[in-house]
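The values are calculated or read from the model by the stated rules, or taken from the named source; none is laboratory data. Predicted model only: the values in this text are computed from it and were never measured. All Cβ positions, even for glycine, are placed from backbone atoms using ideal geometry, and neighbour counts span all protein chains on display. Keep in mind that these areas ignore ligands, DNA and RNA; they rest on the heavy atoms of the full protein, side chains included. Shrake-Rupley method; radii C 1.70, N 1.55, O 1.52, S 1.80 Å.
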Amino acid sequence: MKEYKTITKIAGPLVFVEKTEPIGYSELVNIVCHDGTVKRGQVLDTSDEVVVVQVFETTAGIGKDSGIRFTGETIKMPVGRDMLGRILSGGGKPIDGGPDIVPEKRLDITGAAINPYARASPHDFIQTGISTIDGMNTLVRGQKLPIFSGAGLPHNNVALQIARQAKVPGSKEPFAVVFAAMGITKEEANYFMQDFEKTGALERAVVFLNLADDPAVERIITPRLALTTAEYLAFELGMHVLVILTDMTNYCEALRQIGAAREEVPGRRGYPGYMYTDLASIYERAGIIKGKNGSVTQIPILTMPGDDITHPIPDLTGYITEGQIVVSRDLHRKGIYPPINVLPSLSRLMNLGIGKGQTREDHKKVSDQIYAAYAEGNDLRGLVAIVGKEALSDRDKLFLEFADLYEQKFVKQGSDEDRTIANTLDIGWDLLATLPIEQLVRIDRELIQKFHPKVREGAKA
Amino acid sequence: MEVKDNSKQASGGKLKRIAGPVVTAVNLDAHMYDLVQVGNEGLMGEVIKIQRDEVIIQVYEDTSGIRPGEPVINTGLPLSIELGPGLLTSIYDGIQRPLEVLVQKMGDFIERGVSAPGLPRDKKWEFKPIVKEGDTVKPGSIIGEVQETNIVHKVMVPPKVNGGKVKSIKSGLFTVEEIVCTLDNGVELPMMQKWPVRVPRPVTEKMNPTIPLITGQRILDGLFPIAKGGTAAIPGPFGSGKTVTQQQLAKWSDAEIVVYIGCGERGNEMTEVLTEFPELEDPKTGKPLMERTVLIANTSNMPVAAREASVYTGITIAEYFRDMGYDVSLMADSTSRWAEAMREISSRLEEMPGEEGYPAYLAARLSEFYERAGLVHTLNGARGSVSVIGAVSPPGGDFSEPVTQNTLRIVKVFWALDAKLSQRRHFPAINWLNSYSLYLEQLHDWYDKEVSPEWNKLRSWAMEVLQKEAELQEIVQLVGSDALPDAEQLTIEIARMIREIFLQQNAYDKVDTFCDMTKQYAMMKAIRHFADLAYAAQLAGVSPLQIISVKSKNELQQIKFIEEYIPALQKIEADMENEFNALRSAS
Ligand SMILES: Nc1ncnc2c1ncn2[C@@H]1O[C@H](COP(=O)(O)OP(=O)(O)OP(=O)(O)O)[C@@H](O)[C@H]1O
Ligand SMILES: [Mg+2]
C-alpha cells in the first residue's frame, strides 16, 4: 500500500493531504506517526487537489512527517459470536486483556438503511417492571425509546433497572445487551460494569467504552460500531438485542466540534445543519425485519443541557425516536425514584404492544385516564399556589389529591422492584377509584364494570 | 425510475470532487436539472449548479468509495417518473424506485446502484378503449380505461403530445409499454407516460373550491375544514400528532386517491401504513384503503437528495390522477425535512444562506409546491382536485421559524398542534384558539345544504363558548373558579363538554376514529341542547353544582364510542329534559 507524506495542513481533527492518486470518498485511512503508532481516520472530502481526512483519535503526534495510507475500503468492523462478554474500546479494540475478536464477518459500520418494505411492525410488549414505562409509555421490541435526562439525575439507574428487568413475558428467545458509552466518566462506566458483572449480564453483553478522557472524535464511530454489532447479533444470529447508548449529548458535541473544524455554516446553537440526518442514521438502526428472528431495540440516553427539552439535541432526537422517557428534576427533588415525568414522556409504539392478548384489555383506557387526571391535578397545583386550597371546588380537590397519590403510589418504586403489568394496572385502578366514577370519562362502561375495584366489590356484595 | 442510456453526447465527463451527496464533475455538457449517471456504478444524480467548467450534481444514492476521475454520463433528460397502471398500492422511494422490487433485488437493506422501473414491465393490464378509430383526441384526452384496483385508471394522451385522429386503437391485455393507440400524425401511445417531476402538469383552468374534504375528524370538519383542492399546514413539536393526523386523513378523508409521502421520517411509520391500510376499509366503498393509495417513503436515513425529490415525485403522481378527474389528497410528512434537505444541499454548494441557514429560495420552493394543489378543469374537461396537507416540524416547537412562517403565508388552513394538549392526552392536540380555516365562507353553502341550515350557527356558537372559556380561565387562574358568577361557571362547564365530547377524538378507538358529518351535527346539537336547558335552569335558580352533576351529561361522553348512536342519543336527550325538569321543580 502506498504511503503519502504530503500532509499540508492539520486543523483540529482534520488532516489535509495533497498530490494523491484518486481516493474514494469515506475511505478508511491509516496515519502512521513518526513513533510508529497508527491512527485511524476517514475521508470527508476528496478531489484531484486535496483529500480531507477526519482522524478518529487525537491528532497529537501527527505532523507533516506522518505517513498516510489509504486503505481503499470504507470502515469495516470485524464481528463474531465470541464478542459476547467482551469489553472493547470506543474504537472497537479489545481492552479487557482478552484475545482479538475472531471475525466471522466484516461489516460496513455506516450500515445501510433498512428498506421500509422489509420492516415488520413491532408489537412485542417488553415488560420493564417500571410502572411509568410499562403502564404509561410501553416499550416494544424493535422500538427506539430514549431517556431524556439532566445532569445529576439518576438516568443510569433507570437504564440499568430496565436492562436488568426487561423481558417479554412468556418468551424464551435469546437476548443480548450492547452497551456503548460515549464520553462518560470512568466512575459512571464502572457503575454499569459492576452491575453487569453482579447480575451476570456481562456474559450476554458487548461493551464499547469511550470515556471522558478518550478522544472526542472517536465518539463519532462508537455508536456505529455498537449498532453494527447489534445488527449482526440480531439479524444474523437471531437474538433480541437491547442497545444502550450513553451519552448522546457527548456524541453531538463531537459532531459540532468536527463541523467547526470544517468551517461549516453552523445551524441552531452551533450544531451542524445535518445533525437531524446524522442522528437518524444512528437511531433508525432499530427495528425488526420480516422473516428474521431477532430485533434491535434502542435506549439512547441523553442529558438535556440546562434541562431544556427544546435544545437541539433532545429536540432532533425526539423528532426521530419513537417517543421519549423524561426524567424530571422536580420528582427527583421530591425523593421519588424513578423520577419519570409521564406528561412530557411518550411511547409512540405503545398501541401496537398493548391490549387484549398482549397486556390487558383495559390498558389503553386506564393509561389515558391516569394521564388526564394527573395533568389536571398537576395544573391545579399551580392554582393552589396562588389562590390556596380553599378556593378549589370539591371536584378539584379530589384531582389535586390524585396527583400526589399517583406520584407516591404509582411512580415511586424500588430500584429492584419488578412489577408485573397486571400489578401496575391494578395500582392504577386503585388510584382511579379515589375519583368519582362519573369523572372517569376516558373509560368505557364495560371496563369499569369489569375492573373498577369499587364496582367489583359492589358486585360481590 | 429507469434511466435509458440515450445520452445526447458521449462527452467524457469526469468526477473531480466528492464530498457527501454533492459531487463536482468537469468536462460535461449539461443543463440544469439534467439527470446524470455518476461513477463506475452509474449512481443516479441531478445537475443542480453549473459554474465555469464545473457541473455540480446531487446524487440520489450513497457516494462512499467513489473516486475522482470516475466517469459521469449525462442522460440529457430531466428527472422524470413513470405514470400509468401499476401506481396504486405501490410504495416507492423518493425517485420512484419500488421498494418491494428493491427488496427482491438487493435484500432487506437499501444498497446502491440498483435501478428498477417505477411501473412493472411484465404485468399485463386489460385495456378497454373508449375512443374509436377516426375520433379526434387532444392532449389530456382519455383514450381508454384499465380496472387497476377498484379504481378505474384512465389512460390519457400525454399533455405535451400533438393531438390528432385515432388511426388505430386496440383492446385487450397489454403491458404498460405496448402501443395501444396510434394517431394519424404518427404518434404511438402506450399506456405509460413520463413526466418531469419539477414541472406542474398543465390544466385548463383553476377554480375556487367550494366542497369540503370530509375527514371524519370532528375538529377538522366541524371547526376548521379544508376544501377539496385546498391547502393546509399542520405544524407541531415532536410527538404532538402530525403523523397520526395525516394518517387519519389518509385513511378516512373522502378523497378518491391518496398519495402519502413519508419525507425524511421514520421507517416504522411507513411499515405501519403498509400493514394497516390493506386491512382497513373505505367507509364509503367498503374496499381496502390500500387500493386507492400510493406511498412514497424516503425515510430519514435514506439519501437526502432523494428526500428532496420525494415531494415532487408525490405531487406529480397526485396531479396525474387529478387529470383523470379524481379528487386526490396528498399528505407530506414532513415538509420540514424536505426544507432541511434543501438546506443541506445548498450549504454544500456554499450558497449564501438566508434565514437560519435555509437557502434564500426556500419561500419560493414552498409556494411553488403548494400552488400545485387546486380544484381544476383538466385538459379533458373533467373536474379534478389535489388537496395538499403538509406537516411542519419546527425546531423546539417554535412556530416563528422560517419553514412554518413561509408555509403559513401560502396555505389557507392552519391546524396548530399544541404540546400542552398532547401532554395531557387531549387528541387531536389541535389548538382551537390558534387554528383557522380561510375556506369557511366558501364552504358555508355546502354545510347549509348537506348538513343542516343550523350547522353554521352551531359552529359559531361553539367557537364563541371556547373563546369565552379562554377569557374566563385567565380569571380563574387568579381567583379560583368559585369566585365566578353562576352563569360563567356554567360556561366553563359547557366549554369543557365541547372539548371533551366533541373535540377530543381517539384515533385508536374503532368507532371514534371516524365520525361522519351527521353524527358530528347530532353530537354538537345535543351539547347545545344541554347548554340551553342548563342556562334556563340556572335562571330558574338551580345551582351550577346541581347542573354539573346531571347524570345524562356523563352519558353524552360515551356517544362517540357507540356505533348505533341514534337511539342512545335520543334517550340521553329525553333523560336530560326529565332531569332538568326535576331540578327546576325542586328549586
Ligand atoms: N388523534 C389521536 N388519537 C389518539 N392518540 C393520538 C392522536 N394523535 C396523536 N396521538 C398520540 O400522540 C403520539 C404522537 O403523535 P405523532 O406520531 O403523530 O406525532 P408527530 O407530531 O408526528 O411527531 P414527530 O414530529 O416526532 O413525527 C401518537 O403516537 C399517539 O400516541
Ligand atoms: Mg410524525
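Worth a mention:
- A single entry from B:262, B:239 fulfils the requirement of being part of a strand (DSSP E or B) and farther than 21 Å from residue B:412 by Cβ: B:262.
A quick yes/no check of all residues on (1) in a helix (DSSP H, G or I); (2) away from chain B (no Cβ under 12 Å); (3) touching a strand residue (DSSP E or B) at 6+ places or on another chain (Cβ under 7 Å); (4) among the small types (Gly, Ala, Ser):
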{"residue": "A:373", "(1), (2), (3), (4)": "yes, no, no, yes"}
{"residue": "A:376", "(1), (2), (3), (4)": "yes, no, no, no"}
{"residue": "A:384", "(1), (2), (3), (4)": "yes, no, no, no"}
{"residue": "A:397", "(1), (2), (3), (4)": "yes, no, no, no"}
{"residue": "A:422", "(1), (2), (3), (4)": "yes, yes, no, yes"}
{"residue": "A:435", "(1), (2), (3), (4)": "no, yes, no, no"}
{"residue": "A:456", "(1), (2), (3), (4)": "yes, yes, no, no"}
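- Some residue of region A:95-114 being at positive phi, in contact (Cβ under 8 Å) with a residue 12 or more places away in the chain and more than 14 Å from every other protein chain (Cβ to nearest Cβ): no
- Filtered residues of region A:239-262 (kept if part of a helix (DSSP H, G or I) and aliphatic (A, V, I, L, M)): A:248, A:254, A:255, A:258, A:260, A:261
- Screening residue B:164 on (1) closer than 26 Å to residue B:33 by Cβ; (2) open to solvent by less than 60 Å² (accessible area, probe 1.4 Å) shows it passes everything except condition (1).
- Restricting A:51, A:55, A:79 to residues that are open to solvent by less than 10 Å² (accessible area, probe 1.4 Å) and within 14 Å of chain B (Cβ to nearest Cβ) narrows the list to A:51.
- Tallying residues that are closer than 23 Å to residue A:361 by Cβ, open to solvent by 20 Å² or more (accessible area, probe 1.4 Å) and part of a helix (DSSP H, G or I) within region A:399-420 yields 1.
- Top-ranked residue of region A:319-351 - restricted to ones that are assigned to a helix (DSSP H, G or I) and surrounded by fewer than 22 Cβ atoms within 10 Å (Cβ to Cβ), ranked as nearest to the other protein chains (Cβ to nearest Cβ): A:351
- Across region B:447-469, the qualifying residues are those that are without any contact (Cβ under 8 Å) to a residue 60 or more places away in the chain and open to solvent by less than 30 Å² (accessible area, probe 1.4 Å), and the one among them that is farthest from residue B:526 (Cα to Cα) is B:469.
- Residue count for region B:397-420 satisfying the condition of being within 14 Å of chain A (Cβ to nearest Cβ), more than 16 Å from ligand 2 (Cβ to nearest atom) and not hydroxyl-bearing (Ser, Thr, Tyr): 5.
- Counting only residues that are in a helix (DSSP H, G or I), open to solvent by 10 Å² or more (accessible area, probe 1.4 Å), without any contact (Cβ under 8 Å) to a residue 40 or more places away in the chain and within 14 Å of chain A (Cβ to nearest Cβ), region B:492-536 holds 2 of them.
- A single member of B:275, B:271, B:285 is open to solvent by 10 Å² or more (accessible area, probe 1.4 Å), outside any loop (DSSP other than H, G, I, E, B) and not aromatic (Phe, Trp, Tyr), and it is B:275.
- Within region B:252-265, the set of residues being open to solvent by 10 Å² or more (accessible area, probe 1.4 Å) and either among the hydroxyl-bearing types (Ser, Thr, Tyr) or within 11 Å of ligand 2 (Cβ to nearest atom) (or both) comprises B:265 only.
- Test: residue in region B:37-44 that is assigned to a strand (DSSP E or B) and closer than 23 Å to residue B:262 by Cα: yes
- The one condition from (1) at pLDDT 95 or above; (2) facing another protein chain (nearest Cβ under 8 Å); (3) more than 23 Å from residue B:272 (Cα to Cα) that residue A:285 does not meet is (3).
- Only listed residue being touching a Phe, Trp or Tyr at 6+ places or on another chain (Cβ under 9 Å) and at pLDDT below 95, chosen from B:78, B:85: B:78
- Scanning region B:281-319 for residues that are in contact with a Lys or Arg (Cβ under 6 Å, 6 or more places away or on another chain) and within 16 Å of ligand 1 (Cβ to nearest atom) yields a total of 1.
- Residue pairs whose Cβ atoms lie under 7 Å apart, separated by 6 or more positions or on different chains, with the first residue in region B:257-284 and in contact (Cβ under 8 Å) with a residue 60 or more places away in the chain and the second among the hydroxyl-bearing types (Ser, Thr, Tyr) and assigned to a strand (DSSP E or B), are B:258/B:293; B:258/B:329; B:260/B:293.
- Complete set of residues in region B:544-587 that are in contact with an Asp or Glu (Cβ under 7 Å, 6 or more places away or on another chain) and among the hydroxyl-bearing types (Ser, Thr, Tyr): B:552
- Residue B:230 vs. criteria touching an Asp or Glu at 6+ places or on another chain (Cβ under 8 Å) and either within 13 Å of ligand 2 (Cβ to nearest atom) or open to solvent by less than 10 Å² (accessible area, probe 1.4 Å) (or both): no
- Within region B:327-382, the set of residues being in a loop (DSSP other than H, G, I, E, B), of a type in the set (Lys, Arg) and either within 16 Å of ligand 2 (Cβ to nearest atom) or surrounded by fewer than 19 Cβ atoms within 10 Å (Cβ to Cβ) (or both) is empty.
- Residue in region A:255-268 that is more than 10 Å from chain B (Cβ to nearest Cβ) and closer than 19 Å to residue B:396 by Cβ present: yes
- Total residues in region A:63-76 satisfying the condition of being more than 13 Å from every other protein chain (Cβ to nearest Cβ) and open to solvent by 20 Å² or more (accessible area, probe 1.4 Å): the figure is 3.
- Residues of region B:294-335 satisfying the condition of being touching a Gly at 6+ places or on another chain (Cβ under 8 Å), away from chain A (no Cβ under 14 Å), of a type in the set (A, V, I, L, M, F, W, C) and under 23 Å from residue B:47 (Cβ atoms): B:309
- For region B:158-189, residues that are among the acidic types (Asp, Glu) and assigned to a strand (DSSP E or B) total 1.
- Flag for residue A:276 being open to solvent by less than 20 Å² (accessible area, probe 1.4 Å) and within 23 Å of residue B:304 (Cβ to Cβ): yes
- Condition broken by residue B:249, with the remaining ones in (1) within 16 Å of ligand 1 (Cβ to nearest atom); (2) open to solvent by 10 Å² or more (accessible area, probe 1.4 Å) satisfied: (2)
- Checking residue A:118 against (1) at the interface with chain B (Cβ under 10 Å from one of its Cβ atoms); (2) open to solvent by 20 Å² or more (accessible area, probe 1.4 Å); (3) among the small types (Gly, Ala, Ser), the condition it does not meet: (2)
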